[in-house]
Amino acid sequence: MFKGIKKMDRFQIMKIVLILMMLILLGRLFSIMIIKGEEYRYIADNKRVKTITLSAPRGNIYDRNGKLLAGTKLSFAVKLYKDELSQVELKEKNQMFKDLAYYLEEEGTAYIEKFPITFHAFIYPSEDIYYKEKQSPTSKVIDIIFENNLQNEVLNAYTSEGGFDFAIVKSVINSLDLKGITIPVRVSTKSGLDLEYIEGKELEEFLLRNHFSKKTSPMEAIYSLVKDDKSTFYKVLDQPLGRKLVYSILQAHKLEANILLADKVLAYDEEYRIQKGHLHQLFPQINAKTDVKEDFIAVVTSAGLGNLLQSYYTLKDETKFIPIDILFELLKNKGVQLPVTYTLKGKNQVDIQFVKKTPFSRELPIDRLIRIAKEQNVLNDFILDQRVAPYAQSAVLETGINPKINVKLWEYTAKKDKSDLLERYKQKDASDMDALFHAMKEYYDLECDSDYIARGVLSFYDRLMEQGHYGYVPITLTYGLTQEGVSRIEEAIPNNKGIEVSIEPIRYYPERDLAAHVIGYMGKISQEEEIKKYVEELGYSSDEMIGKTGIEESYEEILHGKKGMKKVEIDVMGNRTKTLEEVSPEQGGNVFLAIDSDLQKVAHDALRKTLLCLQNGENFSSEWGEAPLATNEGTPYYNANAGAVVVMDIKTGEILAKVNDPTFNLNPFATGISASDWKALFPENEKDAIAPRPLYDIAMQTAVQPGSIFKLCSTLAAFEKGLSPDEMILDSGVVTIGDTDFGCHIWNDKKATHGWVDSRLAIQESCNYYFYALALGENQTTHQPTGVQLTIDDLISMAKKLGLGEPTGIEINNPQEVSGLVPDPDSKIQIRKKQLEEFLTKTIEKYFEKDYQFNDNDIKWSIHTIVSWLDEKDVLSREKVVEGLEDLHLEAETPLKNEKVGLADIIKYDYLNQSSWDITDTLNVIIGQGPNAYTPLQMVRYMSVFANGGYKLKARVVGKVMNKDNTEILEQTAPAKVKVDIKDPAHLKPILEGMHQAKNVSGVILNSIPMEVGIKTGTAENLAINPNTGRNYDNYAWFLCFAPYEEPKIAIATILFQGGSGINAAALNREIIAKYFNLKPPSAEE
């Protein structure tokens, strides 16, 4: 009975529970469907509706005369739509992809960004060679091609091996097209390699623009365009068959060196070997046996530790992460009494200080902290701490070094990519490349006779996989297809199947490299600050192209235009089902530069020609006659390979031309620059401080000692202090201070003097002795007073009045304009410290005691300790220097082989005794040597002050901004000038007269044009060692000019890196003046 009741109770309880659950469920459904129905329907609808951004055609950039410098052109592009492709059967999709890959391969089009297996890869035969060689195998192959003049042979190579016709020259033609050089040539390989021009207007323009005659064959024309362009040949080596063909050429000439050609290699393995080898070159402690954590510690300790400890980071929740706190925590856990503390400063900086103000310490607070951390064996733990490691990585990246290490998993990214690949295709290892490749094809049920075509198909699948759930967003495979290629693809591949050839607007620079540093280049949004500004604040799409430098960056928001949008309905897989709404984009505004593109081109060509003439020891010839260029005692200036020219309107501050050489082609950046094109823009030897760097804006980023062009400032300072322009000083050749002689240049060359010199003659002849006398207040030889004595404060004051040491105001934000360096007695010790550090870094290993086993830490500690002696209040005695060196286990008094004195004397007399400011420093500064440095942009404004009657101008490279139709001015820039605070503007006249006289005695170069001008040359020493030659760099050459002499209109500033003498820039200035004033040689007028 009781059992029945219990059963009944349980049954009733279950019924009650079920009823309650049903009521709750009904209540929940009522809430969802009735109460919150509209809200959830809205959410559901919006989840099914996505907005696709339609980029606006970018506004144009013109020169001052309305000539197009940056515009938009239409280009055929191949796009994949994941949503449409997902509806296609696998077999049909594979066939479509095979057809597409076949046509793209035959076109020679680069369409594969990255593929895990490299076919026909250049490799070194053993891993240890990657640590010995200073360049990758591919870079070495490029050097072999150019050193042995194999470019033409490479261009003529072709094959049908891959199941399609592949000709290297086709790849080169496509590469040139992306650089804005369209070659109307048809390539055929049916019966050997055959090239023929495509007749028409385009051909006529091509031949005319590139100065080719109709007799120039297509291959001759192509060779002429690329024979010196390494980036084009890097592009060739991006393609498997390109590498194979090139290697066969090397074999035929027995030039393979230590390079092998591997049939297939895992790209990630090769990437890892190259990366480790590269890091070894930078940090020798990294080698094949060190693991990823040891490598990361080495990189951070050497390159990023200072930045890391002296920075803090503001997180998304506005809290602060301060890495140094973690190190303090580790040291406190060891029971260490911390000798340092810190305060937070603006711009995320941490200021580390000693806890107690103690008598002079030979260590900086940060160095003391690092040393203690090493002694307590906590520094490595600090760097590897998971809280710190990501910020340590960022600190290293800020130095320009990318270790490519995943700090969450503690793996090189290449190793991680490899493990992901093997896992995806269920492979145990990568020992058998053919097996891996077969597994990849099998994964997609792909049957293909050609491995090259299969590689292309698999790359398409990789791109689709990377797209994730954004199937409605198109994937652009490649740009720049020919009309013939488009026709073949459209015939073979059905419409609405997910492969589309569309006409896309892309950025286009018709003048290619002309004014590249002014215009600036484009790039994808990538940096954190770019994401915040453009994506989060301005609503850009994350994959949009933006201006990265120059006017493209400064005027990005005007040029960008108003984006359009397309609202599409998608299914749960992210595939489009319907287009709901579409709004067309609006083109951006147009920017008109102050630059005159015709003048810019003349300046560019003349600068390039000058550098080539200097390298080859040739004279500069033009319609104005032959101009002899100075040599280095009969030897050409082989390393004169960079320079800059700036031309300014002296009344308005407008920059009429701003030229850097080398420069770079802007077009490869328009759709995202390739890795090979990017690599070609950097010097092979990064340690060569003044090696040509095409991306570097010399005109506004390179500050160099001015040499004798600073004498204009010195002269004006003397006039302001009361010196008469007619005051005569007898040039006695040389001034002696202590054991140092300061000679006039003709005294140093041939023991001659200039005789009696006034201010004009001093400028004309660039007489150093005249200016030495002004600094001393008397003629040292005759003891005749000069009437005034110029102090360093006088020179500093005048330099600042003339605008030196401050930005010119040019409208280019990135790269940031360098302010230069005005002489400063307080900065001398910092300069001396840097010079001493450089000297010790190069030589200190040779001075360690023979039996002392030193390591990298000993080297660093010894250099730091010795350099810190310059901070002593009283200069150390020689005995103290000897004692300090012996404490560091360094040979103090024994000279090295071929040296006359020991380390103690070098440090004592060349550095410690020279660290404080004295009259010898003023003697250097007054003639433009010593601790002062300025950019060509600053020097052209400086020249303008003298030529325009004493007005300091704001440099302007933009004339106006107009709407898209050029019917309305949106922004008009106006001249901005400040009257320079000088007592009497008449003081400028004798300086200009001296410059005019300098022109008249400069030889026939400037006298060949029918216009009077004023000039001043300058030579600046560079005492650093060129790592390529092992000798000092040759001198920088300066040239300042204004024209015409009577009523000046323009000023020109020129600098030639390792150009020897300033007069070597006279001929190129002649060409610029003749062009600007439309001067004609007598023969032309006749």
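Taken together, the values in this text are just the output of simple stated rules run on the coordinates, not laboratory data. Computed from a predicted model, the values in this text were never measured in an experiment. Heads up, the Cβs are rebuilt from the backbone with ideal geometry, glycines too, and the neighbour counts pull from every protein chain shown.
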So, in segment 206-293, how many Lys pairs have Cα atoms under 21 Å apart, if the pair is 8 or more places apart or on different chains? 12
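How would you rank His278, His438, going from fewest to most other Cβ atoms within 10 Å of each one's own Cβ?
Lowest to highest Cβ neighbour count: His438, His278.
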Using only Cα positions of segment 464-567, each an equal point scatterer, no hydration layer, compute I(q)/I(0) via Debye at q = 0.11, 0.15, 0.19, 0.24 Å⁻¹ and quote the log10 values to two decimals. -0.50, -0.87, -1.15, -1.34
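If you restrict to DSSP beta bridges whose two residues both lie in the chain, what percentage is antiparallel, to the nearest 5?
On the way: 109 of 113 bridges.
Expressed as a percentage, antiparallel bridges in the chain total about 95.
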In the chain, how does Rg compare with the Kirkwood Rh, expressed as the Rg/Rh ratio over alpha carbon atoms? 1.02
Under 22 Å from the Cα of Lys334 - lysines, other chains or at least 8 residues apart: Lys356, Lys374
Looking at segment 265-345, I'd like the Rg to Rh ratio, where Rg is from alpha-carbon atoms and Rh is Kirkwood's inverse mean 1/r. 1.12
What residues have an amide H closer than 5 Å to that of Met522, excluding those fewer than 5 places away on the same chain, when H is modeled at 1.01 Å from N in the peptide plane? Lys548
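Express in % the proportion of alpha carbon pairs of segment 291-417 at distances exceeding 23 Å.
Working: 2657 of 8001 pairs.
Looking at segment 291-417, the distances longer than 23 Å represent 33 percent of pairs.
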Unit Cα scatterers, Debye sum, segment 588-671: log10 I(q)/I(0) for q = 0.12 Å⁻¹: -0.50
Along Cα→Cβ, 7 Å out, is where each label goes; now give me the distance between the ones at Glu806 and Asp739 in nm to one decimal. 4.3 nm
Report the dimensions of segment 825-919 along its three principal axes from the alpha-carbon atoms, largest first, rounded to Å. 42, 27, 23
Under the Karplus curve 6.51 cos²θ - 1.76 cosθ + 1.60, θ = phi - 60°, whole-Hz ³J(HN,Hα) for segment 383-391, x wherever Gly or Pro sits: 5, 8, 4, 4, 6, 8, 3, x, 6
Tell me the angle of helix 137-147 to the major Cα principal axis of the chain, expressed in degrees between 0 and 90 and rounded to the nearest ten. 50 degrees
If packing is taken as the average number of other Cβ atoms within 10 Å across a peptide's residues, how do 541-554, 703-716 rank, most packed first? 703-716, 541-554
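Mind checking the full-extension length gain between Tyr852 and Tyr443? Use 0.36 nm per residue of separation minus the Cα-Cα distance, one decimal, nm. Provide the component values of the computation, followed by the final result.
On the way: separation 409, 0.36 × 409 = 147.24 nm, distance 6.12 nm.
Difference between extended and current length: 141.1 nm.
Using r as the Cβ-Cβ distance of Lys345 and Asp420, and R0 as 56 Å, what FRET efficiency do you calculate, to the nearest 0.05? Walk me through the intermediate numbers first.
Numbers: r = 42 Å, r/R0 = 0.75.
Using R0 = 56 Å, I get an efficiency of 0.85.
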For Tyr313, Tyr521, Tyr425, which order do you get if you count the other beta carbons within 10 Å of each Cβ and list the fewest first? Tyr313, Tyr425, Tyr521
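For Phe1077 and Arg371, what does the FRET efficiency come to when R0 = 60 Å and r is the distance between their Cβ atoms, rounded to the nearest 0.05?
Efficiency at R0 = 60 Å is approximately 0.40.
In nm, what is the difference between 0.36 nm times the number of residues separating Ile503 and Glu778 and their Cα-Cα distance? Spell out each step's value before the answer.
Values: separation 275, 0.36 × 275 = 99.00 nm, distance 7.60 nm.
That works out to 91.4 nm of additional length.
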As I understand it, the value is the acute angle between the Cα axis of helix 413-424 and the longest principal axis of the Cα atoms of the chain; what does it come to in degrees, rounded to 10? 10 degrees
Footprinting proxy, Lys601, Lys834, Lys658, Lys254: sorted fewest to most Cβ within 10 Å, the residues are Lys254, Lys834, Lys601, Lys658
Amide H contacts of Ile1050 (H built 1.01 Å from N, under 5 Å, at least 5 apart or other chain): Ile650, Ala1043
Taking segment 538-680, how much of its Cα-Cα pair set, in percent, is spaced more than 18 angstrom apart? 74 percent
Out of residues 5 or more away from Tyr412 or on other chains, whose amide H comes under 5 Å of its own, with H placed 1.01 Å from N in the peptide plane? Asn406
With only Lys, Arg, Asp and Glu charged, each at its Cβ (+1 for the first two, -1 for the last two), find how big the charge dipole of the chain is about the Cα centre; round to the nearest 20 debye. 3120 debye
Can you pull the one-decimal nm distance between simple spin-label points at Glu879 and His864, each 7 Å off the Cα toward Cβ? 3.0 nm
Give me the distance in nm between label points sitting 7 Å out from Cα along the Cα-to-Cβ direction at Leu23 and Ile129, one decimal. 8.4 nm
Which value, to two decimals, describes the C-alpha radius of gyration of segment 748-901 once divided by 2.2 N^0.38 Å? 1.53
Report the residues of segment 323-348 in range of a label on Thr314: point 7 Å along Cα→C-beta, backbone N strictly under 17 Å from it. 323, 344-348
Distance between Cα centroids, segment 197-233 to segment 167-196: provide it in whole Å. 11 Å
Principal-axis tilt of helix 451-466 within the chain, Cα atoms, nearest 10 degrees: 90 degrees
Among Thr343, Leu315, Gln386 - extreme Cα towards positive end, dipole of segment 291-417, charges at beta-carbon: Thr343
In order through segment 536-548: 3J(HN,Hα) via Karplus (6.51 cos²θ - 1.76 cosθ + 1.60), integer Hz, x for Gly, Pro: 6, 8, 9, x, 5, 6, 5, 9, 6, 8, 10, x, 9
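Arrange the peptides 990-999, 786-795 so that the one whose residues have, on average, the most other Cβ atoms within 10 Å appears first.
Per-residue Cβ counts within 10 Å, averaged per peptide and sorted highest first, yield 990-999, 786-795.
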Mean separation of Cα contacts under 8 Å, 6 or more apart, over the residue count of the chain: relative contact order %: 14 percent
At a Förster distance of 35 Å, what's the computed FRET efficiency of Asp918 paired with Glu837, Cβ-Cβ distance as r, to 0.05? 0.95
Between the residues Leu723, Ala976, Ala515, the Cα farthest towards the positive end of the dipole of the chain, that dipole coming from +1 and -1 charges on the beta-carbon of Lys, Arg, Asp and Glu, is from Ala976
The ³J(HN,Hα) series, computed from each phi in segment 315-326 with the Karplus coefficients 6.51, -1.76 and 1.60 at θ = phi - 60°, rounded to the nearest Hz and given as x for glycine or proline, is 8, 4, 8, 6, 6, 10, 9, 10, x, 4, 4, 5
